[in-house]
Each structure stands twice: as C-alpha cells, then as structure tokens.
Amino acid sequence: MNQHIQTLLKLIQQSEKLSADEKKSFSNAARDVENELDSKDKDLEFEASLEKVRAVALSMRKAEELTGICEVLFSELRSLGFSEMRNTMINIHNDDKGSFLNYDYSDEIGKSITHLFYNTHPVIENQVKQIRSSNVAFSVTVFSGSELDEWKKFRKSRGEQDDPRLENITELFYYFYSIGTGSIGISSFSSLSEEKLEMLKRFRNVFDLAYRRYIDIEQAEAQAREAQIELSLERVRARTMAMQKSDELPETSHILFEQMKELGEPVEQLTIGIVQEENNVIEISATLHGDTLKKIYLHSIDEPYMMTKVYKAWKTQQKTLIVELKGDELNSYNKYRNELTNSEMFPTNLGDEHRRIVYAAFFSKGMLALGANEPRPTQSLQLLERFASVFDLTYTRFLDLQKAEAQAREAQIETALERVRSRSMGMQKSEDLIDVIQVVYEQFVHLNIKVEHAGFVMDYKARDDYNIWIADPLGVSSQITVPYFDSIYYNRFNEAKKNREDFFATNLTFEEKNIFYQKLFEYIPGLSEKAKEFYFSCPALAASTVLLENVCLYIENFSGIPYSDEENATLMRFGKVFQQTYTRFLDLQKAEAQAREAKIEASLERVRSRSLAMHKSEELVDASTVLFNELKSLNIETIRTGVGIVDELHETVEVWSSQLINQNKNNIIGTFTFNIHPFFKGYFESWKRKESYFTYEMVDE
C-alpha cells in the first residue's frame, strides 16, 4: 500500500471531528486511490517488460538471436507472475518446405533451435494447421495421461534435451498466438488464467515488430548466403575451367570439399563420380576427411550396396539420391572399398549403431556425392544440386581436355615408337641391339613412365640361361648371361611362358627383392658397391614384362608402385615394335654368321694352300706363320700358333710354331717328351682319345 495513503487512513481513523460514516467514506475513497495507483504500477511494470522485449527485438542482427528474445520473454513473464511456465517459444514457418524452426528458452535447459517438419507428429500438424489459419489465430494444446507419456517419448526420439521437470507432472499445456508466418507461445505445467492469456497476447503484439525485424534480417542473410554460395560455385567453376590434365579431377573434389565446409556444410567425404558405361565402371575421385585421394579408383557398376543404386538413379535421370548403409551392408561395402584402394582405411566390423549416408546429386556424366555418418538437412542436398549443375557445364571442358590429352599422348607414344623403330632399322650389326634397348629406356623416361631398368631377354627357354641386354644408368653390364635360379621373379616368368601369356607383372617386397638381387649379383661382373647399395636400399621392386616370340621386353622401377593399365598398354605397344627389331636382329645375326663363315673359309683356304705348297718338312713353320696371321685376321688374339707331330711310340711331339714376343714374330722348332710338363701330358692324352680340341690354363702364382 502507498505510504502516503496509509498515513492518510491513520489520520482519518484518529480524527474525533469526523463521524463514523464520514470516516468510512474517506477510507473507501483512499482505498480506491490506492487500487488505482496499484493498477497503474502494474501497467507501468508490464509496459516496462514489453519495452525490454521490444528493445531486444530491435537490436537483433542475426536470425538465431530469436533465442535471446525467448530468454527475455521468459524472464519478463516470470517477473509478471507466470510461475507455472516451463519455457517460451517462437516458431518460424516455411510452408514451401513443410517445416518450421523452433526457437526455445527455459531456465532449466537454456537456449535451443530445432528444425521440425509439419508431418513429424499429428499434434504438431494440428497446431500448425490452427496457427496458419489466420494472422490472429490462437492455439492451445493439453497433454495428460497416456497422451502425455507418448509426447514425452516423442520428444526423446527427436533427440531434444532432457527436462527433469517433465518427470512427475500430470498435465502439460501449450499456448501459441499467430504472428503471420510464425507463432509465439509458451508451455506450462498448469492452465493459464484469462488475464495471463491476455498478457501473453500483448507480448505477441509487441513481437510483431520483432518479427518484421526478423524478416528483414532473414532476407539480408539469404542475400548474403546466396552471394557466398555464388562465390563458392564460381571457385569450383574456375578450378574446373583451369584444369590442364584429367588427373586434376581429385584436386577439384578437394575444392568442392572445402567450399562445402566454408558454406557451413562440413562433410566426411566429397566424391566426384564419372559413369563409364562402356567399361561398366564409375570413376571415383574423392576427398576424405580433408585428405585428397591421389588416385582415381574404378568402382564396378555391379557393386551391389552403393554403385548399382547410383547407376540406376543416374540412368533413370533422377536429380538426387540418398543411400543409407549400416550393419552387414556397410561392413561389406567398406571391405570392397579396402580391396579396391589396397588399404585398411574403412572399418569392417561396425555395429548396427553405425551408419553411412550418401547424398548424391546427378549431372549428365555422373554425380557429385557427399558422405556423412549422420542425417543432413535438406539444404545440404539442395546445395549439392547447385554444385552439380555448375559442374555439368564445366565438365565439357574436362572432356575436351581428356580428348586433347589422349591425342597428345598418342602422338607422344607414336613418336617414341618411331624412334625405336628407326633405330632398329638402322642397325648395321647385331651388337647394335644395345643401342636399341638404350633408346627404348630413354623413350619410357621421355613418356614420364617411371623406369630405372629396361631390358630384353633373348632366346629364352624354361629353366635355362637368361641372355639379357640391359639399359641401366647404374653401371650394370649391357649384356649378361644369368643361369636360372629359383626365385619369385623367374618362376613367374616360367609360369607365364607355360600358360602362353603375352604379359605379366611382378611385384616384390623389400625382403623378396633383396633375396632376388643377392643371388642375381653373383652373375653380374663389375657392379660397383655404390650400385649394389642402391639396389638393396630401394623399398620394393615393380616390374612389367611383355612376352613375344622367343624374346621378351621388361621395365622395372624400385618404388614398388605397380605400373598402371595405361603404362602396361604402352609397354605392349613397345613390345610389338620390338618384335620387328628382333626380326632385324636375327637377319643381321644370320648375315654376320654367313660373313663370318665366308671369312673363316677364306682363311682355311689360305692355310690349306700353304700347307699343300710345302716341299720340305721345315716349311711347316711357314704354314704355322700363315695360321698365326689368319687367326689374327679373324680377331682371334693369340701369342703362339704351331703344328705338333706326335710320335706315339716314343711319346714325343715335334713342334713347329710361330710366337709373338714384344710385337716380334719368332719361330720355335723342337721335339719334346710328354712327361716334361702336365700341359704336354694332357695334350697327349687328349690326342689319344681322339678329342677335337684340348684346353689348358697356365696362371702366374
């Protein structure tokens, strides 16, 4: 009670000049004044509360600040006596999407924003129907008994925050007033009086101003968002148009990944899939957790858990697709991906609580897809659709680049093959083959095919010697002969020959490689310790071999990375060209053999003529001299030639020989017994056995 009125009433009661009726009349008048003042105080207090809500509404800068208005509304209603209130709410509806955003505040669980669809629950659907019936609509919903229990379960299934106050209640009331395309309201643990409903209605009228402010902000945010999206689209468009090689597609997937992230749509995986119907595969370029997979992987269209569904949707020209995998299906799909990528990056023992959701948006040649472990809002897929539309336009450039690359690569390969072909046809001697293998090696390097070692194996027979012509920058002899020995490499060679394969690849681990080279180096003379150290320190060995008729061509690298299908196809083409080289080699070899035979016959004829022209035995030394000269003309280097006449009875030999000493020729004539030296004894024994030749090595000690 007002202090001044209390004092007045006290004076009236104490006055002796006033009658009882006058005292009563004065007291009633004083109380009327007091009631009027109390009412004005309440009005002032209520207006102050309204002004606080209005002030917060006008200070909004972002749409999510609606939760701040909910908080102020909650505080002011509490101060006005709304003790039964649980929370305050503002709903913003979107009829086009059939959903609304619920902005919520309570002193128990704080602020929250929840996205709900109209058809999420029959009660919600009915509330929305009532509120959307007019701009001044009012809705009240009461939960009790089994309906209240069911509502609690629904809230929990939606993942809403727990509110302990709901545990022991018997009723729950929801009150909403329309604000056009939205509503403002509260929930309470008991019903509101008409007076409080009227007060809530007045807050609704004040919020109309806040809502207009919200619409303005939402429009500004939408414009800013659209500008941000357009900038992201332009970045993807620019990156695609800037591609110079088709293998830059994985980098484009990374740009897409980053742009989705900048737009507030972080994803676990961003994928570009190109459908190749003719090969029954989908080319996958992906960025996973921010890391770009450097390689493009070929997923079979027949893969049942994901790719078959993607292909069917693309083929039927669907705009979008959502695929959810969990349990055994997810584990099986991850196992397939591990096998394809030769990795263990995808877990294969996940329980049913884990899931993988793939959202795909299609364009004319394939799809853009994002992978997530939890459901994504509708706008995520809509945004992906817009990126797909942009990518479809720029992908034409990618195809042009691919075609141009293929043509340029084909011209490169043809030029390399022509260089090999030209050098092959230019061979004048069979030994020129080493120049051909060097050209082959250089052309693989020129084509950016990683090769540390290239070679031919000639006239190979299973489990026989390997006659190898090599191009090797580390100093391995250009031509070596290696006996067969048991190894993974050579056994794979035998298997391929047996099965009449025209190609095989061999990949050796670090340990397998070193075991192989440890044995191989026993047959390679002159290899430096530095070269051996290099071979033994390399991480692994990857080799590809093309098998031709009686010959093979192989390339090797020491990174351990197997050659791609494209690189192996190029090797096959080099193999076909080398088949011509080998034919040329055989022709030269045959011609050289014939020329050699003719030269030998001429030398034999000269020795024969001189022998037949002898008239005296001492002329044997002249015949020996002719033999010496003819052997030299045949490039058989010798320091002595001679004729020995054996006397078996006396076990002696009469020697007529020519010897080269200090570049001067010296004749030696004499008779020697066979027991004077092991050489003569061996010579005699070989002669008696009628052997064609006898060899003996003398070594200085």
Report summary line: From the cross-link list Lys294/Lys326; Lys335/Lys403; Lys261/Lys335; Lys498/Lys590; Lys497/Lys590; Lys309/Lys335, the entries with a Cα-Cα span beyond 23 Å are Lys294/Lys326; Lys335/Lys403; Lys261/Lys335; Lys498/Lys590; Lys497/Lys590
Report task. Any chance you could look up the accessible area of Arg356 with a 1.4 Å probe, heavy atoms only, rounded to 10 Å²? Result -> 20
Query - Cut-off 10 Å between beta-carbons: net charge of the residues surrounding Asp352, Lys and Arg +1, Asp and Glu -1 - result: 0
Query raised in the report: Which residues' amide hydrogens lie under 5 Å from the amide hydrogen of Phe363, considering only partners 5 or more residues apart or on another chain, with H built in the peptide plane?
Result: Leu368
Report summary line: Per residue, accessible area of the chain with a 1.4 Å probe, heavy atoms of protein chains only, in Å², comes to 55
Query - Estimated vicinal HN-Hα couplings, Hz - the range 399-410 in sequence order (Karplus 6.51, -1.76, 1.60; Gly, Pro = x) - result: 5, 4, 5, 4, 5, 5, 4, 4, 5, 5, 5, 4
Query - FRET efficiency, 1/(1 + (r/R0)^6) with R0 25 Å, evaluated for Met345 and Ala227 via beta carbons - result: 0.10
Query raised in the report: Can you pull the accessible area of Phe679 for me, 1.4 Å probe, Å² to the nearest 10?
Result: 70
Query raised in the report: With the contact rule set at Cα under 8 Å and sequence spacing of 6 or more, what percent relative contact order holds for the range 239-352?
Result: 17
Requested in this report: For Asp291, tell me the accessible area in Å² from a 1.4 Å probe, rounded to the nearest 10.
Outcome: 100
Requested in this report: With θ set to phi - 60°, apply the Karplus curve 6.51 cos²θ - 1.76 cosθ + 1.60 along the range 561-568 and write out the HN-Hα couplings as whole Hz, x wherever there is a Gly or Pro.
Outcome: 7, x, 5, 6, 4, 5, 5, 5
Report summary line: Sorted by accessible surface (1.4 Å probe, heavy atoms of the protein chains only), largest first, Asp486, Asp464, Asp432 come out as Asp486, Asp464, Asp432
Query raised in the report: What distance in nm separates the simple spin-label points at Arg397 and Asp302, each placed 7 Å from Cα in the Cβ direction?
Result: 3.8
Query raised in the report: Over the chain, what percent of the accessible surface lies on carbon and sulfur atoms, probe 1.4 Å?
Result: 50
Query - Extension gain (nm, one decimal) between Ser686 and Leu649, 0.36 nm per residue minus Cα-Cα - result: 11.7 nm
Report summary line: Percent relative contact order for the chain, counting Cα pairs under 8 Å at least six residues apart, stands at 6
Query - Set of the range 85-99 residues, backbone N closer than 18 Å to the point 7 Å along the Cα-Cβ line of Asn119 - result: 94-99
Query - Acute angle (nearest 10 degrees) that the helix 620-633 long axis makes with the longest principal axis of the chain, alpha-carbon atoms - result: 20
Query raised in the report: Hey, of [x] 0.95; [y] 1.36; [z] 1.02, which did the structure itself give for Rg/Rh (Cα atoms, Kirkwood Rh) when calculated?
Result: [y]
Report summary line: the chain: antiparallel bridges as % of DSSP beta bridges, rounded to 5, reads 100
Query raised in the report: Nearest 20 debye, what's the magnitude of the dipole of the range 231-280 about its Cα centre given +1 on Lys and Arg Cβ and -1 on Asp and Glu Cβ?
Result: 200
Requested in this report: Could you calculate the contour length gain from Phe485 to Lys129, that is, 0.36 nm times the residue separation minus the distance between their Cα atoms, to one decimal place in nm?
Outcome: 119.6 nm
Query raised in the report: With a sphere of radius 13 Å drawn around the Cβ of Leu541, what net charge do the other residues whose Cβ falls strictly inside it have (Lys, Arg +1; Asp, Glu -1)?
Result: -1
Report summary line: Computed about the Cα centre, the charge dipole of the chain from +1 Lys/Arg and -1 Asp/Glu charges at the Cβ has a magnitude in debye, to the nearest 20, of 980
Requested in this report: Hey, can you grab everything whose amide H is under 5 Å from the amide H of Tyr466? Only 5+ residues off in sequence or another chain; H modelled, so Pro and N-termini drop out.
Outcome: Val482, Tyr484
Report summary line: Excluding residues fewer than 8 positions from Lys111 in its own chain, the aspartates and glutamates with Cα under 12 Å of it are Glu64, Glu65, Glu71, Glu160
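The values are calculated or read from the model by the stated rules, or taken from the named source; none is laboratory data. Keep in mind that what you see is a predicted model, and the values were worked out from it rather than measured. For neighbour counting, all protein chains shown are included, and Cβ atoms are generated from backbone atoms with ideal geometry for every residue, glycine included. Each accessible area value is taken on the protein alone, full model and side chains, heavy atoms only, with ligands, DNA and RNA left out. Shrake-Rupley method; radii C 1.70, N 1.55, O 1.52, S 1.80 Å.
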